[in-house]
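The values are calculated or read from the model by the stated rules, or taken from the named source; none is laboratory data. Bear in mind that the values here come from a model prediction, so they are computed numbers and not experimental data. Cβ placement follows ideal geometry from the backbone for every residue including glycine, while neighbour counts extend to all protein chains displayed. Please note that ligands, DNA and RNA were not included when accessible areas were found on the heavy atoms of the full protein model with its side chains. Shrake-Rupley method; radii C 1.70, N 1.55, O 1.52, S 1.80 Å.
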Amino acid sequence: VTQTAGNSSTALATTAFVATSFAPKASPTFTGTLSAAAITASGTITPNATAGIVGTTGVNNAQAGSVGEYITATGTAVSLVASTAKTITSISLTAGDWDVEGNIYFTPAATTPIYEAIAGISTTTNVLPAIPLYTDTTGAGTSAQQQTAPAPIQRINVSSTTTVYLIGEANFATSTLTATGIIQARRMR
């Protein structure tokens, strides 16, 4: 190496530089595609046992198709026929593994006693799911006494877009009864 200053040049000592690469003590293995938009892995992803996967800290929603996607619908008042299952509201779920639950609010007329209120999640309109996938509550049978019944969480695992229904049924007498409700689903994986 020669350094030139003004009209003279001076020879400098040369030292060979050897490039060395250092691997982390415990090298991670990644097989997949990494891009600015997404990470795709073809094998198992195992998060650290104590650190885990960091969740969102903002007030936002998971995009459609992502784990955590949330879908909900609230129904309007539906007239019921005594001891007959009826769809209160519904949602459309895309292919995937979902946890679905709901709640039904039963409103009787002033002279209507409710003896039993039932709520469940079903993939068939106007049909309750099988026992024990619904809640069955009994009432005092007092006229004009409103009741609620939760539809327990049910796993809905579908391979194509499917409509899922919140189903209500009541045993009542004398006059009329309506029901409203909410159904909500969270994509689990």
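So that you can scan it fast, the table gives a plain yes or no per residue for (1) touching a residue at least 24 places away in the same chain (Cβ under 8 Å); (2) open to solvent by 40 Å² or more (accessible area, probe 1.4 Å):
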site: Val59; (1), (2): no, yes
site: Thr72; (1), (2): yes, yes
site: Ser83; (1), (2): yes, yes
site: Thr94; (1), (2): yes, yes
site: Val100; (1), (2): yes, no
site: Pro108; (1), (2): yes, no
site: Glu116; (1), (2): yes, yes
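Taking each residue of the range 39-57 that is under 16 Å from Arg189 (Cβ atoms) and looking for partners that are of a type in the set (A, V, I, L, M) and assigned to a loop (DSSP other than H, G, I, E, B) with beta-carbon atoms closer than 6 Å, six or more apart or interchain, yields Pro47/Ile53. Within the span defined as the range 60-75, one or more residues are touching a strand residue (DSSP E or B) at 6+ places or on another chain (Cβ under 6 Å) and within 16 Å of Thr178 (Cα to Cα).
Per-residue answers, yes or no, for (1) modelled with pLDDT of 65 or more; (2) assigned to a loop (DSSP other than H, G, I, E, B):
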residue	(1), (2)
Pro24	no, yes
Phe30	no, yes
Thr33	yes, no
Ile45	yes, yes
Ala49	yes, yes
Thr56	yes, yes
Asn60	yes, yes
Ala64	yes, yes
